Structure formats: C-alpha cells, structure tokens
Amino acid sequence: MIQNGFLVFVILTFLFSGCQKNLTEYSDIRIFMGTTVIIKVYSKDNNTAGKSVASAFDEIKRIEDIFSIYRNNSEISILNKKGSAEVSDEVRELIGRSKYFSEISEGAFDITVLPVIELWRNAKKKEKMPTQAEIENANKFTDYRNIIINEGKVSFLKKGMKADFGGIAKGYAVDRAVNILKKSGIKIGMVNAGGNIRCFGGKIWFIALQNPREKKDFVTILKLKNKSVATSGDYERFFSLDKKKISHIINPITGFSAEDSISSTIVTDTATDADALSTATFVLGAEKGIKLIEKYKNAECLIIDKERKIYKSPRFSEYE
Ligand code: ADP
Ligand code: MG
C-alpha cells in the first residue's frame, strides 16, 4: 500500500514554498472505513480550508454509513439480509460500476465474494483451514451476474448471496470527498484513504510507492497531476493457516485468496477506478492484469509478482 506519507509531504512542502507563496497548507487526519484518511489542501485562507476539509470528511463518513457491512442498518447490510431491496441511486450506481469491473476483468473483481470472505474470517478465528467442500460451498454464491438491477431495486438471484464493497468503496469515497472540496472552492488538494489517493489542481504531487517487502524502501516515486493511484497488496492484511499466507483478496474462481501477486498499483483518473482495478489486477496477476490495463483508457499499472519481479504497463513510466 502507498503509505509513505512522510515522503509525500516533505517533497510537497518543498515544491510549494517556491511558487505558491500566497497559499497556505491545511491538512487533517481521521479514521474512517477502517483506515487512515488524510486530506491536504492549499488555500488562501485557513478558515475556509478547515470548513471544506470538515465537509469532505463528513462525506466520507456518509459513504461509510451506506456501504459498511459492519453497520447493521447500512443500505448494504439491509440488502444483504433481504436479498432484494429498494436502494438509493448512489448504491445502484456503485453496484452497476462494480458489475462493469467484473465484466472487464472476467470475474476477477466480484463484490459477491462476501460469503467466501466470511468463511476465511471464520477460519482465521478458529485457526483451522476450511475444507475444499466448505470453500466450494461458500463460493457457490459468488457471481456478479446474479445481481439484478431493476430501476430502483437490486436483487440477488441466489438466496445467501451477499455483497462487499471493500474493493471499491474507499476509492469511491475519495472521489466524492474531492468533489466536495472542489465545490467549496478548493483549487489544489489531495485525499488519501489508506493508500487510495486522488490529487487535483495544477500541481504535481510526488508519491512514493512503498516496497511491499521492505517497508523503509520504495519501489518508485510517482509524479501525479490530477490523477488517482491505488495499491492492492498482500502485505498489510493477511494471516497464516497451516503455514500458508492468506490475504484479504479472494480469487473468485478458486475461492482461495489470490496468490499470483504481491502488489498491484494503478494510476488512472478516478479513485473509484483505481481502487477496483487494483483489486482486479491483483487477482489476475501480472500477465493478464497488464493486458486488462492496456485495453483500459487512461490507466497504467505496476504489478509485483510473487517472485518479486516488477511488471509495468507500457506507459507507466510516464508517471515516474
Ligand atoms: P484494501 O482494502 O486493503 O485497500 P483492496 O482495495 O484490494 O484492498 O480491497 C480488498 C477488499 O475487497 C477485501 O478486504 C474485500 O473486502 C474485498 N474483496 C476481496 N476479494 C475481492 C474480489 N475478488 N473482488 C472484489 N472485492 C474483493
Ligand atoms: Mg481495491
């Protein structure tokens, strides 16, 4: 995950001191969606900046309240319980977008993996590897094609299906927060939700990509202007069972955690797309992942495979 925040900030301060003397920096940190959210803006007046940043945090909290599977009354928890529900336009749209990412990744990205995730969470608790039959059983519910969107209503075709937005909601929240900042007049800013980053304004932001196997080291430094970046990795959230490393990203084909990659980083226009595509390419692995990104307009990726070999899409180096 891209969390070398220190580097991001040191380099930025240096940049702005030279050319934007009338702008002051304002930043704040909160915890939302189980991760650290950092918002940083440059503005002429600190008071306005503070208000804008507070509204952006409120927006992230609003999205968390809708999409969280840890809140019993969230729209998604209700949909998961009932299997069919009237949903808000926003939920319908993000489900539609998730299905789109499933289609282009041939099912590597699939929000219906929740029953499988729950099986592995249970396995972690009990410290017992699930059987092949248990995995297959849980994975019977995985299939984005069984989510039906009909005007304001979303239905699951199979009883027991459940959706999880962990692979896309943070990116979506970042996009929405950026919208709020822009609307309130902020011209230059950055929102970072646990490594799902979007920066805006006519400035270049320097973002260090942490080395997944060597925390103090970094793989490369990205130079981004009006772009988003996200990384999916196996090195921050995982556990071990029978000496096997189980990460939090599921390969929907096998029902096991995805094993081909150590990390996948996407640079593209929106944080929603970067988030979903990083999860999708992490599952697909280097070869198929890069093929997908080559077809996708305006996206580039850097994948590290399990042998620690680095693969880049053809124009990734434009951001280095
Ligand atoms: P992180 O949440 O660590 O930033 P990701 O963006 O890659 O990483 O999202 C991983 C989360 O997405 C998991 O914790 C889970 O909630 C969900 N998920 C796991 N496997 C898949 C998958 N194949 N497709 C879509 N979502 C997934
Ligand atoms: Mg993701």
Run Ser184 past the list (1) free of Cβ contacts under 8 Å to residues at least 12 places away in the same chain; (2) open to solvent by less than 70 Å² (accessible area, probe 1.4 Å) and report the number of the one that doesn't hold.
-> (1)
Here the residues within region 202-216 that are within 16 Å of ligand 2 (Cβ to nearest atom) and either open to solvent by 30 Å² or more (accessible area, probe 1.4 Å) or part of a loop (DSSP other than H, G, I, E, B) (or both) are Pro212
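Does Ala123 fit the bill of being modelled with pLDDT under 95 and within 16 Å of ligand 1 (Cβ to nearest atom)?
On the way: modelled with pLDDT under 95: yes; within 16 Å of ligand 1 (Cβ to nearest atom): yes.
It is true that Ala123 is modelled with pLDDT under 95 and within 16 Å of ligand 1 (Cβ to nearest atom).
What tally of residues in region 267-293 results from selecting those that are more than 8 Å from ligand 1 (Cβ to nearest atom) and not in a strand (DSSP E or B)? Break it down into steps so the answer makes sense when it comes.
Let us first name the residues in region 267-293 that are more than 8 Å from ligand 1 (Cβ to nearest atom), namely 267-274, 277, 281, 284-293.
Checking which are not in a strand (DSSP E or B) leaves us with 269-274, 277, 281, 284-293.
Qualifying residue count, region 267-293: 18.
Could you list, in sequence order, all residues of region 297-306 that are open to solvent by less than 30 Å² (accessible area, probe 1.4 Å) and either part of a helix (DSSP H, G or I) or not β-branched (Val, Ile, Thr) (or both)?
Step one: of region 297-306, the residues open to solvent by less than 30 Å² (accessible area, probe 1.4 Å) are 299-305.
Residues satisfying the conditions are Ala299, Glu300, Cys301, Leu302, Asp305.
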Would a scan of region 212-230 turn up a residue that is farther than 21 Å from Glu320 by Cα, of a type in the set (A, V, I, L, M, F, W, C), in contact with a Gly (Cβ under 8 Å, 6 or more places away or on another chain) and within 16 Å of ligand 1 (Cβ to nearest atom)?
-> no
Evaluate region 127-139: report whether one residue or more is hydrophobic (A, V, I, L, M, F, W, C), modelled with pLDDT of 95 or more and surrounded by 14 or more Cβ atoms within 10 Å (Cβ to Cβ).
-> yes
Kindly list, by first and then second residue, each pair from a residue in region 26-55 that is closer than 14 Å to Lys183 by Cα to a residue that is of a type outside the set (A, V, I, L, M), limited to pairs with Cβ atoms under 6 Å and residues at least 6 apart or on different chains.
-> Val41/Tyr26; Val41/Gly189; Ala49/Tyr26; Ala49/Ser43; Ser52/Ser184; Val53/Asp28
Breaking point among (1) modelled with pLDDT of 95 or more; (2) touching a helix residue (DSSP H, G or I) at 6+ places or on another chain (Cβ under 7 Å), for Ala286 = (2)
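Grab the helices (runs of 4 or more DSSP H) fully contained in region 88-165, keeping just those with 3 or more residues being among the acidic types (Asp, Glu).
Ranges flagged: 89-104.
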If you check every pair at least six apart or on different chains, which have Cβ atoms under 7 Å apart with a residue in region 107-131 that is hydroxyl-bearing (Ser, Thr, Tyr) first and a residue that is within 16 Å of ligand 2 (Cβ to nearest atom) and at pLDDT below 95 second?
-> none
If we keep only residues of region 52-89 that are among the hydroxyl-bearing types (Ser, Thr, Tyr) and more than 17 Å from the chain's Cα centre (by Cα), then the residue farthest from Glu118 (Cα to Cα) is Ser52
What's the number of the condition Asp269 fails, among (1) within 30 Å of Ala133 (Cβ to Cβ); (2) surrounded by fewer than 24 Cβ atoms within 10 Å (Cβ to Cβ)?
-> (1)
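Go through Thr35, Thr24, Thr48 for me and flag whichever is closer than 16 Å to Met190 by Cβ and open to solvent by 30 Å² or more (accessible area, probe 1.4 Å). Can you show your working first?
Working: Thr35 fails: open to solvent by 30 Å² or more (accessible area, probe 1.4 Å); Thr48 fails: closer than 16 Å to Met190 by Cβ.
Matching residue, one of Thr35, Thr24, Thr48: Thr24.
The values are calculated or read from the model by the stated rules, or taken from the named source; none is laboratory data. Remember, it's a predicted structure, so these values are computed and weren't measured experimentally. Cβ: placed from backbone, ideal geometry, glycine included. Neighbour counts: every protein chain shown. The protein model used for the area step is the full one, side chains on, heavy atoms only, and it has no ligands, DNA or RNA in it. Shrake-Rupley method; radii C 1.70, N 1.55, O 1.52, S 1.80 Å.
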